[in-house]
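S.K.: Please find one structure pasted underneath; my questions will follow.
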Amino acid sequence: MKKVLVTGGAGFIGSHFTKELLKDPSYKVVVFDKLTYAGNLDNFPSEVLKHPRFKFVKGDIAVKKDVEKVMNRIDIVINFAAETHIDRSIANIDPFVSTDFIGTYVLLEEFRRRPGDRFIQIATSEVYGSAQTVPMTEEHPIAPQSPYAATKAAADRLVYSYYKTYNLPAVIVRPFNNYGPNQFPEKLIPFFIANALEDRPLFVYGSGKNTRDWLYVKDCVQALKKICEVDINKVKGEVFNLGSGQEYDVMEIADVILDYFNKPKSLIKKVTDRPGHVERLISSTTKVKKALNWQAKTDFTKGLIETIKWYESNQWWWKKIMKRREYQRFYKEWYEKRK
(Lines give C-alpha, C1' and ligand atoms only; values in the text may rest on other atoms or scores of the structure.)
Protein backbone atom coordinates (compact mmCIF):
# COMPACT_ATOMS: atom_id res chain seq x y z
CA MET A 1 0.00 0.00 0.00
CA LYS A 2 1.37 3.42 -0.99
CA LYS A 3 1.22 6.25 1.53
CA VAL A 4 0.44 9.60 -0.08
CA LEU A 5 0.90 12.99 1.55
CA VAL A 6 -1.61 15.41 0.07
CA THR A 7 -0.64 18.93 1.11
CA GLY A 8 -3.48 21.41 0.81
CA GLY A 9 -5.74 18.38 0.70
CA ALA A 10 -8.70 20.14 2.31
CA GLY A 11 -8.88 22.61 -0.56
CA PHE A 12 -10.76 22.34 -3.83
CA ILE A 13 -8.68 20.08 -6.11
CA GLY A 14 -6.87 18.44 -3.19
CA SER A 15 -10.10 17.20 -1.61
CA HIS A 16 -11.32 15.78 -4.92
CA PHE A 17 -7.96 14.06 -5.42
CA THR A 18 -8.13 12.59 -1.92
CA LYS A 19 -11.59 11.15 -2.56
CA GLU A 20 -10.39 9.72 -5.88
CA LEU A 21 -7.42 7.96 -4.22
CA LEU A 22 -9.55 6.48 -1.44
CA LYS A 23 -11.58 4.60 -4.06
CA ASP A 24 -8.43 2.53 -4.63
CA PRO A 25 -7.47 0.15 -1.76
CA SER A 26 -3.80 0.41 -2.69
CA TYR A 27 -3.54 3.92 -1.26
CA LYS A 28 -3.40 5.40 2.21
CA VAL A 29 -3.85 9.18 2.34
CA VAL A 30 -2.53 11.76 4.79
CA VAL A 31 -4.13 15.16 4.23
CA PHE A 32 -1.95 17.98 5.53
CA ASP A 33 -3.61 21.38 5.54
CA LYS A 34 -3.27 24.69 7.38
CA LEU A 35 -7.04 25.25 7.12
CA THR A 36 -6.74 28.87 6.12
CA TYR A 37 -9.84 30.60 4.75
CA ALA A 38 -10.03 28.26 1.71
CA GLY A 39 -9.17 24.97 3.46
CA ASN A 40 -12.40 23.32 4.50
CA LEU A 41 -13.10 20.00 6.20
CA ASP A 42 -16.69 20.35 4.93
CA ASN A 43 -15.21 19.27 1.60
CA PHE A 44 -15.10 15.75 3.03
CA PRO A 45 -18.25 13.77 3.78
CA SER A 46 -18.29 11.86 7.07
CA GLU A 47 -17.44 8.57 5.37
CA VAL A 48 -14.14 10.09 4.22
CA LEU A 49 -13.29 11.59 7.60
CA LYS A 50 -13.93 8.19 9.23
CA HIS A 51 -12.23 6.17 6.47
CA PRO A 52 -9.57 3.76 7.83
CA ARG A 53 -7.10 4.81 5.11
CA PHE A 54 -7.57 8.54 5.70
CA LYS A 55 -5.76 10.75 8.18
CA PHE A 56 -5.95 14.51 8.63
CA VAL A 57 -3.12 16.56 10.13
CA LYS A 58 -3.33 20.31 10.57
CA GLY A 59 -0.11 22.13 9.73
CA ASP A 60 1.75 24.62 7.58
CA ILE A 61 4.06 23.56 4.74
CA ALA A 62 6.22 26.62 5.42
CA VAL A 63 6.97 25.44 8.97
CA LYS A 64 9.77 22.86 9.07
CA LYS A 65 8.64 21.23 12.34
CA ASP A 66 5.13 20.74 10.96
CA VAL A 67 6.44 19.11 7.79
CA GLU A 68 8.85 16.84 9.68
CA LYS A 69 5.92 15.36 11.60
CA VAL A 70 4.09 14.13 8.48
CA MET A 71 6.89 13.09 6.12
CA ASN A 72 7.69 9.76 7.79
CA ARG A 73 7.52 6.80 5.38
CA ILE A 74 5.76 8.77 2.67
CA ASP A 75 5.88 7.27 -0.81
CA ILE A 76 4.33 10.14 -2.75
CA VAL A 77 4.10 13.84 -1.97
CA ILE A 78 1.61 15.82 -4.04
CA ASN A 79 1.73 19.51 -3.26
CA PHE A 80 -1.57 21.32 -3.73
CA ALA A 81 -0.94 23.67 -0.80
CA ALA A 82 -0.98 27.24 -2.09
CA GLU A 83 -2.58 30.61 -1.93
CA THR A 84 -4.31 30.72 -5.31
CA HIS A 85 -6.57 33.75 -5.68
CA ILE A 86 -5.05 36.33 -8.03
CA ASP A 87 -7.07 39.22 -6.61
CA ARG A 88 -5.81 38.48 -3.10
CA SER A 89 -2.21 38.34 -4.34
CA ILE A 90 -2.58 41.85 -5.72
CA ALA A 91 -3.96 43.09 -2.40
CA ASN A 92 -1.35 41.29 -0.24
CA ILE A 93 1.47 39.15 -1.62
CA ASP A 94 2.99 38.09 1.73
CA PRO A 95 1.08 34.80 2.23
CA PHE A 96 1.75 33.84 -1.40
CA VAL A 97 5.50 34.13 -0.97
CA SER A 98 5.32 32.22 2.31
CA THR A 99 3.13 29.33 1.20
CA ASP A 100 3.64 29.04 -2.55
CA PHE A 101 7.41 29.48 -2.62
CA ILE A 102 8.90 29.00 0.84
CA GLY A 103 6.46 26.20 1.63
CA THR A 104 7.50 24.34 -1.51
CA TYR A 105 11.15 24.78 -0.53
CA VAL A 106 10.52 23.31 2.95
CA LEU A 107 8.74 20.31 1.44
CA LEU A 108 11.52 19.71 -1.07
CA GLU A 109 14.21 19.81 1.60
CA GLU A 110 12.39 17.32 3.82
CA PHE A 111 11.62 15.05 0.86
CA ARG A 112 15.28 15.17 -0.12
CA ARG A 113 16.23 14.11 3.42
CA ARG A 114 13.70 11.26 3.41
CA PRO A 115 13.11 10.52 -0.26
CA GLY A 116 10.05 8.70 -1.48
CA ASP A 117 8.94 7.43 -4.86
CA ARG A 118 7.94 10.80 -6.35
CA PHE A 119 7.22 14.46 -5.63
CA ILE A 120 4.36 15.95 -7.66
CA GLN A 121 4.17 19.74 -7.75
CA ILE A 122 0.81 21.27 -8.64
CA ALA A 123 1.77 24.41 -10.52
CA THR A 124 -0.62 26.46 -12.67
CA SER A 125 -1.19 27.59 -16.24
CA GLU A 126 -0.98 31.17 -14.94
CA VAL A 127 2.82 30.88 -15.01
CA TYR A 128 2.63 31.32 -18.79
CA GLY A 129 0.90 34.70 -18.79
CA SER A 130 -1.22 35.51 -21.85
CA ALA A 131 -0.85 33.11 -24.74
CA GLN A 132 1.95 34.06 -27.14
CA THR A 133 1.27 31.00 -29.28
CA VAL A 134 -1.75 28.68 -29.33
CA PRO A 135 -2.34 26.07 -28.23
CA MET A 136 0.08 26.57 -25.36
CA THR A 137 2.57 23.72 -25.05
CA GLU A 138 4.78 22.99 -22.07
CA GLU A 139 7.55 24.86 -23.93
CA HIS A 140 5.59 28.12 -23.92
CA PRO A 141 7.61 30.94 -22.31
CA ILE A 142 7.03 31.51 -18.61
CA ALA A 143 5.87 35.10 -18.18
CA PRO A 144 3.73 35.46 -15.04
CA GLN A 145 1.53 38.56 -14.90
CA SER A 146 0.37 38.55 -11.26
CA PRO A 147 2.12 38.15 -7.91
CA TYR A 148 0.31 34.80 -7.49
CA ALA A 149 1.57 33.55 -10.84
CA ALA A 150 5.09 34.76 -10.08
CA THR A 151 5.31 32.85 -6.78
CA LYS A 152 3.96 29.71 -8.45
CA ALA A 153 6.44 30.10 -11.32
CA ALA A 154 9.27 30.44 -8.82
CA ALA A 155 8.16 27.26 -7.03
CA ASP A 156 7.75 25.47 -10.36
CA ARG A 157 11.34 26.22 -11.32
CA LEU A 158 12.62 25.46 -7.82
CA VAL A 159 11.16 21.96 -8.08
CA TYR A 160 12.80 21.52 -11.47
CA SER A 161 16.15 22.65 -10.04
CA TYR A 162 15.92 19.95 -7.37
CA TYR A 163 15.40 17.37 -10.11
CA LYS A 164 18.42 18.63 -12.05
CA THR A 165 20.71 19.20 -9.06
CA TYR A 166 19.76 16.35 -6.73
CA ASN A 167 18.03 13.94 -9.15
CA LEU A 168 14.90 14.31 -7.04
CA PRO A 169 12.07 12.31 -8.67
CA ALA A 170 9.82 15.28 -9.33
CA VAL A 171 6.98 15.89 -11.77
CA ILE A 172 5.47 19.33 -12.42
CA VAL A 173 1.83 19.65 -13.39
CA ARG A 174 0.29 22.84 -14.76
CA PRO A 175 -3.50 22.54 -14.60
CA PHE A 176 -5.55 25.05 -16.53
CA ASN A 177 -8.66 26.53 -14.91
CA ASN A 178 -10.40 23.86 -12.85
CA TYR A 179 -14.06 24.11 -11.92
CA GLY A 180 -16.62 21.89 -10.21
CA PRO A 181 -18.19 21.14 -6.81
CA ASN A 182 -16.59 22.42 -3.59
CA GLN A 183 -14.65 25.24 -5.25
CA PHE A 184 -14.23 28.21 -2.92
CA PRO A 185 -16.90 30.78 -3.86
CA GLU A 186 -14.55 33.65 -4.63
CA LYS A 187 -13.46 31.84 -7.82
CA LEU A 188 -15.25 32.93 -10.98
CA ILE A 189 -17.75 30.13 -11.64
CA PRO A 190 -18.97 29.52 -8.06
CA PHE A 191 -18.85 33.28 -7.43
CA PHE A 192 -21.17 33.89 -10.37
CA ILE A 193 -23.49 31.02 -9.39
CA ALA A 194 -23.82 32.14 -5.76
CA ASN A 195 -24.33 35.77 -6.69
CA ALA A 196 -26.92 34.89 -9.32
CA LEU A 197 -28.87 32.81 -6.80
CA GLU A 198 -28.92 35.74 -4.40
CA ASP A 199 -29.57 38.43 -7.05
CA ARG A 200 -26.22 40.07 -6.39
CA PRO A 201 -23.95 41.52 -9.12
CA LEU A 202 -21.81 39.29 -11.32
CA PHE A 203 -18.70 41.46 -11.47
CA VAL A 204 -16.94 41.19 -14.82
CA TYR A 205 -13.47 42.68 -15.30
CA GLY A 206 -13.02 44.86 -18.36
CA SER A 207 -14.71 43.58 -21.52
CA GLY A 208 -15.31 40.08 -20.15
CA LYS A 209 -13.73 38.62 -23.28
CA ASN A 210 -10.73 37.12 -21.51
CA THR A 211 -10.72 33.39 -22.26
CA ARG A 212 -9.64 30.37 -20.28
CA ASP A 213 -9.25 26.66 -20.88
CA TRP A 214 -11.75 25.13 -18.41
CA LEU A 215 -11.08 21.67 -16.97
CA TYR A 216 -13.63 19.76 -14.88
CA VAL A 217 -12.02 18.87 -11.57
CA LYS A 218 -12.96 15.18 -11.72
CA ASP A 219 -11.10 14.87 -15.03
CA CYS A 220 -8.11 16.63 -13.51
CA VAL A 221 -7.76 14.30 -10.53
CA GLN A 222 -7.94 11.23 -12.74
CA ALA A 223 -4.92 12.55 -14.62
CA LEU A 224 -3.11 13.16 -11.33
CA LYS A 225 -3.78 9.62 -10.21
CA LYS A 226 -2.18 8.39 -13.42
CA ILE A 227 0.90 10.45 -12.60
CA CYS A 228 1.03 8.65 -9.25
CA GLU A 229 1.05 5.30 -11.01
CA VAL A 230 3.17 5.72 -14.15
CA ASP A 231 6.79 4.52 -14.12
CA ILE A 232 8.61 7.44 -12.50
CA ASN A 233 11.56 7.06 -14.86
CA LYS A 234 9.26 7.98 -17.74
CA VAL A 235 8.03 11.22 -16.21
CA LYS A 236 10.54 12.58 -13.67
CA GLY A 237 11.72 16.05 -14.55
CA GLU A 238 8.80 16.50 -16.92
CA VAL A 239 6.16 19.21 -17.05
CA PHE A 240 2.59 18.35 -18.02
CA ASN A 241 -0.24 20.68 -18.93
CA LEU A 242 -3.69 19.50 -17.89
CA GLY A 243 -6.41 21.13 -19.92
CA SER A 244 -9.36 20.47 -22.17
CA GLY A 245 -8.03 22.28 -25.24
CA GLN A 246 -11.23 24.36 -25.41
CA GLU A 247 -11.64 27.98 -24.35
CA TYR A 248 -14.60 30.07 -23.19
CA ASP A 249 -14.77 33.69 -22.17
CA VAL A 250 -16.22 35.20 -19.01
CA MET A 251 -19.31 36.64 -20.68
CA GLU A 252 -20.24 33.24 -22.12
CA ILE A 253 -20.10 31.71 -18.65
CA ALA A 254 -22.13 34.53 -17.10
CA ASP A 255 -24.80 34.12 -19.78
CA VAL A 256 -25.15 30.35 -19.20
CA ILE A 257 -25.51 30.82 -15.44
CA LEU A 258 -28.05 33.63 -15.70
CA ASP A 259 -30.07 31.74 -18.34
CA TYR A 260 -30.15 28.63 -16.15
CA PHE A 261 -31.69 30.57 -13.26
CA ASN A 262 -33.79 32.79 -15.54
CA LYS A 263 -32.10 35.85 -14.07
CA PRO A 264 -31.77 39.21 -15.87
CA LYS A 265 -28.56 40.09 -17.72
CA SER A 266 -28.64 43.37 -15.82
CA LEU A 267 -26.95 41.47 -12.95
CA ILE A 268 -23.75 41.59 -15.01
CA LYS A 269 -21.72 44.56 -13.79
CA LYS A 270 -18.60 45.43 -15.74
CA VAL A 271 -15.89 46.91 -13.56
CA THR A 272 -12.36 48.22 -13.94
CA ASP A 273 -10.07 45.52 -15.30
CA ARG A 274 -7.79 43.68 -12.92
CA PRO A 275 -4.10 44.74 -13.07
CA GLY A 276 -2.00 42.25 -15.04
CA HIS A 277 -5.09 40.40 -16.27
CA VAL A 278 -4.18 37.48 -18.54
CA GLU A 279 -6.07 37.73 -21.82
CA ARG A 280 -6.01 34.14 -23.05
CA LEU A 281 -5.07 30.65 -21.86
CA ILE A 282 -5.58 27.58 -24.06
CA SER A 283 -3.77 24.30 -23.48
CA SER A 284 -2.07 21.91 -25.80
CA THR A 285 -3.07 18.40 -24.69
CA THR A 286 -0.65 16.43 -26.89
CA LYS A 287 2.09 15.66 -24.35
CA VAL A 288 -0.11 14.37 -21.53
CA LYS A 289 -2.22 12.32 -23.91
CA LYS A 290 0.86 10.60 -25.29
CA ALA A 291 2.55 10.05 -21.91
CA LEU A 292 -0.46 9.04 -19.81
CA ASN A 293 -3.16 8.14 -22.32
CA TRP A 294 -5.34 10.79 -20.69
CA GLN A 295 -7.61 13.46 -22.04
CA ALA A 296 -10.45 15.47 -20.56
CA LYS A 297 -13.80 13.71 -20.98
CA THR A 298 -16.26 16.28 -19.69
CA ASP A 299 -17.80 18.70 -22.18
CA PHE A 300 -17.67 22.18 -20.69
CA THR A 301 -21.34 22.96 -21.11
CA LYS A 302 -22.31 19.67 -19.44
CA GLY A 303 -19.75 20.15 -16.66
CA LEU A 304 -20.89 23.72 -16.06
CA ILE A 305 -24.53 22.68 -15.74
CA GLU A 306 -23.56 19.88 -13.31
CA THR A 307 -21.58 22.42 -11.30
CA ILE A 308 -24.50 24.87 -11.24
CA LYS A 309 -26.79 22.09 -9.99
CA TRP A 310 -24.35 21.19 -7.22
CA TYR A 311 -24.18 24.76 -5.90
CA GLU A 312 -27.94 25.08 -6.18
CA SER A 313 -28.42 21.90 -4.12
CA ASN A 314 -25.67 22.61 -1.59
CA GLN A 315 -26.32 26.19 -0.64
CA TRP A 316 -25.49 25.41 2.99
CA TRP A 317 -21.88 24.81 1.93
CA TRP A 318 -21.18 28.15 0.27
CA LYS A 319 -23.50 30.28 2.40
CA LYS A 320 -21.57 29.14 5.46
CA ILE A 321 -18.39 30.44 3.83
CA MET A 322 -19.90 33.69 2.60
CA LYS A 323 -21.15 34.55 6.08
CA ARG A 324 -17.64 34.56 7.46
CA ARG A 325 -16.32 37.97 8.43
CA GLU A 326 -13.12 37.42 6.45
CA TYR A 327 -15.02 36.64 3.24
CA GLN A 328 -17.30 39.66 3.64
CA ARG A 329 -14.36 41.93 4.40
CA PHE A 330 -12.49 40.96 1.24
CA TYR A 331 -15.65 41.16 -0.88
CA LYS A 332 -16.32 44.72 0.26
CA GLU A 333 -12.73 45.89 0.01
CA TRP A 334 -12.11 44.38 -3.41
CA TYR A 335 -15.41 44.53 -5.30
CA GLU A 336 -17.40 47.37 -3.78
CA LYS A 337 -14.84 49.97 -4.86
CA ARG A 338 -15.03 48.65 -8.45
CA LYS A 339 -18.77 49.17 -8.91
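S.K.: Do any residues in the range 44-65 that are free of Cβ contacts under 8 Å to residues at least 24 places away in the same chain have Cβ atoms under 9 Å from those of residues that are in a loop (DSSP other than H, G, I, E, B), where the two are at least six apart or on different chains, and which pairs are they?
M.R.: Note: pairs meeting the criteria are Lys65/Gly59.
S.K.: Give Val106, Val77, Val31 a once-over and let me know the one that is crowded, with 16+ Cβ neighbours inside 10 Å and within 19 Å of Pro175 (Cα to Cα). Spell out the reasoning first.
M.R.: Details: Val106 fails: within 19 Å of Pro175 (Cα to Cα); Val31 fails: within 19 Å of Pro175 (Cα to Cα).
After ruling out the rest, the residue left standing is Val77.
S.K.: Considering only the range 229-268, how many residues are in contact with a Phe, Trp or Tyr (Cβ under 8 Å, 6 or more places away or on another chain), of a type in the set (Gly, Ala, Ser) and within 16 Å of Asn210 (Cα to Cα)?
M.R.: Matching residues across the range 229-268 total 1.
S.K.: Among what's in the range 115-141 and is within 20 Å of the chain's Cα centre (by Cα) and surrounded by fewer than 19 Cβ atoms within 10 Å (Cβ to Cβ), pick the residue that is farthest from Asn79 (Cα to Cα).
M.R.: Ser130
S.K.: Taking Tyr37 as meeting all but one of (1) outside any loop (DSSP other than H, G, I, E, B); (2) in contact with a helix residue (DSSP H, G or I) (Cβ under 7 Å, 6 or more places away or on another chain); (3) over 30 Å from Asn233 (Cβ atoms), write down the number of the exception.
M.R.: Going through the list (1) outside any loop (DSSP other than H, G, I, E, B); (2) in contact with a helix residue (DSSP H, G or I) (Cβ under 7 Å, 6 or more places away or on another chain); (3) over 30 Å from Asn233 (Cβ atoms), Tyr37 breaks only (1).
S.K.: For the condition small (Gly, Ala, Ser), touching a helix residue (DSSP H, G or I) at 6+ places or on another chain (Cβ under 6 Å) and within 22 Å of Arg274 (Cα to Cα), what is the one hit in Ala149, Ala131, Ala155?
M.R.: Of the residues listed, the single one that is small (Gly, Ala, Ser), touching a helix residue (DSSP H, G or I) at 6+ places or on another chain (Cβ under 6 Å) and within 22 Å of Arg274 (Cα to Cα) is Ala149.
S.K.: Would you check if there is a residue in the range 59-82 being assigned to a helix (DSSP H, G or I), of a type in the set (A, V, I, L, M, F, W, C) and more than 19 Å from Glu238 (Cβ to Cβ)? If you could, list the steps in order and put the result at the bottom.
M.R.: Within the range 59-82, the subset assigned to a helix (DSSP H, G or I) is 64-70.
Okay, now just the ones that are also of a type in the set (A, V, I, L, M, F, W, C), so 67, 70.
Remaining after also requiring more than 19 Å from Glu238 (Cβ to Cβ): 67, 70.
Yes, the range 59-82 contains at least one residue that is assigned to a helix (DSSP H, G or I), of a type in the set (A, V, I, L, M, F, W, C) and more than 19 Å from Glu238 (Cβ to Cβ).
S.K.: Can I ask one more? Within the range 253-273, how many residues turn out to be crowded, with 16+ Cβ neighbours inside 10 Å and not in a strand (DSSP E or B)?
M.R.: The total comes to 7.
S.K.: Additional query: Considering only the range 7-59, how many residues are over 25 Å from Trp316 (Cβ atoms) and in contact with a strand residue (DSSP E or B) (Cβ under 7 Å, 6 or more places away or on another chain)?
M.R.: The qualifying residues number 12.
S.K.: With respect to the numbered conditions (1) closer than 23 Å to Ala10 by Cβ; (2) out of contact with any strand residue (DSSP E or B) (no Cβ under 9 Å at 6 or more places or on another chain); (3) small (Gly, Ala, Ser); (4) not in a loop (DSSP other than H, G, I, E, B), which one is the sole condition not fulfilled by Ala153?
M.R.: Ala153 satisfies every listed condition except (1).
S.K.: Which residue pairs have Cβ atoms closer than 9 Å, lie 6 or more positions apart in sequence or on different chains, and pair a first residue in the range 315-339 that is within 13 Å of Asp87 (Cβ to Cβ) and surrounded by 10 or more Cβ atoms within 10 Å (Cβ to Cβ) with a second residue that is β-branched (Val, Ile, Thr) and at pLDDT 90 or above?
M.R.: Qualifying pairs under 9 Å: Tyr327/Ile321; Trp334/Ile90; Tyr335/Val271; Arg338/Val271; Arg338/Thr272.
Results for (1) assigned to a loop (DSSP other than H, G, I, E, B); (2) aromatic (Phe, Trp, Tyr); (3) touching a residue at least 40 places away in the same chain (Cβ under 8 Å); (4) closer than 20 Å to Ile102 by Cβ, shown as yes or no for each residue.
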residue: Glu138; (1), (2), (3), (4): yes, no, yes, no
residue: Ile142; (1), (2), (3), (4): yes, no, no, yes
residue: Arg157; (1), (2), (3), (4): no, no, no, yes
residue: Ser161; (1), (2), (3), (4): no, no, no, yes
residue: Leu168; (1), (2), (3), (4): yes, no, yes, yes
residue: Phe184; (1), (2), (3), (4): yes, yes, yes, no
residue: Ile193; (1), (2), (3), (4): no, no, yes, no
residue: Ala196; (1), (2), (3), (4): no, no, yes, no
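S.K.: Something else about it: For Arg112, which of the numbered conditions (1) surrounded by fewer than 22 Cβ atoms within 10 Å (Cβ to Cβ); (2) within 25 Å of Leu281 (Cβ to Cβ); (3) in contact with a helix residue (DSSP H, G or I) (Cβ under 7 Å, 6 or more places away or on another chain) fails to hold?
M.R.: All conditions are met except number (2).
S.K.: Follow-up question, since we're still on this one. Go through Lys263, Lys289 for me and flag whichever is at pLDDT 95 or above and farther than 27 Å from Asp87 by Cα.
M.R.: Values: Lys263 fails: farther than 27 Å from Asp87 by Cα.
Criteria check complete, one pass: Lys289.
S.K.: Filter the range 86-136 down to the residues that are hydroxyl-bearing (Ser, Thr, Tyr), closer than 29 Å to Glu68 by Cα and in a helix (DSSP H, G or I) and list them by number. Write out each step before concluding.
M.R.: Here is the first cut: in the range 86-136, the ones hydroxyl-bearing (Ser, Thr, Tyr) are 89, 98-99, 104-105, 124-125, 128, 130, 133.
Remaining after also requiring closer than 29 Å to Glu68 by Cα: 89, 98-99, 104-105, 124.
Ser89, Ser98, Thr99, Thr104, Tyr105 - these are the residues of the range 86-136 that are hydroxyl-bearing (Ser, Thr, Tyr), closer than 29 Å to Glu68 by Cα and in a helix (DSSP H, G or I).
S.K.: Across the range 274-327, what is the total count of residues that are aromatic (Phe, Trp, Tyr), farther than 19 Å from Leu197 by Cα and not in a loop (DSSP other than H, G, I, E, B)? Spell out the reasoning first.
M.R.: Filtering the range 274-327 down to residues aromatic (Phe, Trp, Tyr) leaves 294, 300, 310-311, 316-318, 327.
Then keep just the ones that are farther than 19 Å from Leu197 by Cα; that gives 294, 300.
Those left that are additionally not in a loop (DSSP other than H, G, I, E, B): 300.
Looking only at that region, the number is 1.
The values are calculated or read from the model by the stated rules, or taken from the named source; none is laboratory data. All values derive from a computational prediction rather than experimental measurement. Reconstructed Cβ throughout: ideal geometry from the backbone, glycine too, with neighbour counts over all protein chains shown.
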